[in-house]
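Notes to accompany the following structure.
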Amino acid sequence: GHSLGHAGFLTSDGVLYTGDSFFGDKLISAVGVPYYLNYEDAVSSLNKLKEIIRKDFVIVMAHGPVMKYKEALSVLDMNIKLMEEIKEKVLSFSGLTAEEITYKLLKEAGVGITESSLVLSGVTIRSILGYLAREGFLQTKVSEKGIVWAKKSR
């Protein structure tokens, strides 16, 4: 879910390189919204990692500490919870563009908002918006602001 073509690998001696499939708390507190190209794939990858890691593995993530089993499970759970919270926050906004939603979420997270942070976090937010639209929770409308996302009346 992080980006196309990303992969992790497990060495024969039990070192699991996870790449950017999940993030440590320091990185998350610095960016507010982690970069994922595809929300559904990201959550699926997080859950898959929880299934495959074993007690004797050493887990090496791209942006975070080298971890043992229990710490990795805790960080994975934090990432899954964060993605669910972000999804719920996105769903709580109505009548805003993806950029406006991204800006509000970054501001709420207390991180520095730059062109780069808006673009990178915006990828994750757009993916979540698409997911929520496919699931029937949101609809779009074109306005002079751009594409506005609104809760679908049920």
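What follows is calculated from the coordinates using simple rules that are stated; it is not laboratory data. Nothing here was measured: the structure is a model prediction, and the numbers come from that model. Ideal geometry is used to build each Cβ from the backbone, glycine not excepted, and the neighbour counts take in all protein chains shown.
Sequence neighbours fewer than 8 away in the same chain don't count; with that in mind, list the lysines whose C-alpha is under 25 Å from residue 68.
26, 48, 50, 55, 81
Among 97, 114, 140, which one moves the most in a GNM of the chain with springs linking Cα atoms closer than 10 Å?
114
Return the percentage of antiparallel bridges among DSSP beta bridges fully within the chain, rounded to the nearest 5 %.
Numbers: 11 of 15 bridges.
Of all bridge pairs located within the chain, approximately 75 percent are antiparallel.
Can you give the FRET efficiency for residue 12 and residue 81, using 1/(1 + (r/R0)^6), R0 = 25 Å, r = Cβ-Cβ distance, to the nearest 0.05?
0.15
Using a 7 Å offset from the Cα along the Cα-to-Cβ direction at both residue 92 and residue 107, what is the distance between the two label points in nm, to one decimal?
Reported label-point gap for residue 92 and residue 107 is 1.4 nm.
Along the Cα-to-Cβ line of residue 119, 7 Å from the Cα, sits a label point; which residues in the stretch 38-54 have backbone N less than 18 Å from it?
Hits in the stretch 38-54 for residue 119 at 18 Å: 38.
Enumerate the calculated ³J(HN,Hα) couplings along the stretch 34-42 in order (Karplus 6.51 cos²θ - 1.76 cosθ + 1.60, θ = phi - 60°), each rounded to whole Hz, writing x wherever the residue is Gly or Pro.
Once θ is set to phi - 60°, the couplings for the stretch 34-42 become x, 7, 9, 5, 9, 4, 4, 5, 4 Hz.
Which entry is the computed Rg/Rh (Cα atoms, Kirkwood Rh) for this structure: [x] 0.94; [y] 0.97; [z] 1.02?
Of the listed options [x] 0.94; [y] 0.97; [z] 1.02, [z] comes from this structure.
Determine ³J(HN,Hα), in whole Hz, for all residues of the stretch 137-152 in sequence, where each value follows from phi through the Karplus function 6.51 cos²θ - 1.76 cosθ + 1.60 and θ = phi - 60°; x replaces Gly and Pro.
8, 10, 9, 10, 8, 8, 9, 5, 7, x, 7, 9, 9, 9, 4, 7
What ³J(HN,Hα) values, in whole Hz, does the Karplus curve 6.51 cos²θ - 1.76 cosθ + 1.60 give for the stretch 54-65 when θ = phi - 60°, with x put for Gly and Pro?
With coefficients 6.51, -1.76 and 1.60, one gets 10, 4, 8, 7, 10, 9, 10, 9, 5, 10, x, x Hz.
Using 0.36 nm per residue of separation minus the Cα-Cα distance, give me the extension gain between residue 63 and residue 25 in nm, one decimal.
Here the segment from residue 63 to residue 25 would lengthen by 12.7 nm.
Gain in length, residue 142 to residue 4, computed as 0.36 nm per residue apart minus the alpha-carbon separation, to one decimal in nm?
46.8 nm
Using DSSP to call loops (not H, G, I, E or B), can you name the GluC sites (Glu not before Pro) in the stretch 79-145 whose Cβ has at most 12 other Cβ atoms within 10 angstrom?
Taking the stretch 79-145 and a limit of 12 other Cβ atoms within 10 Å, the loop GluC sites (Glu not before Pro) found are 135, 144.
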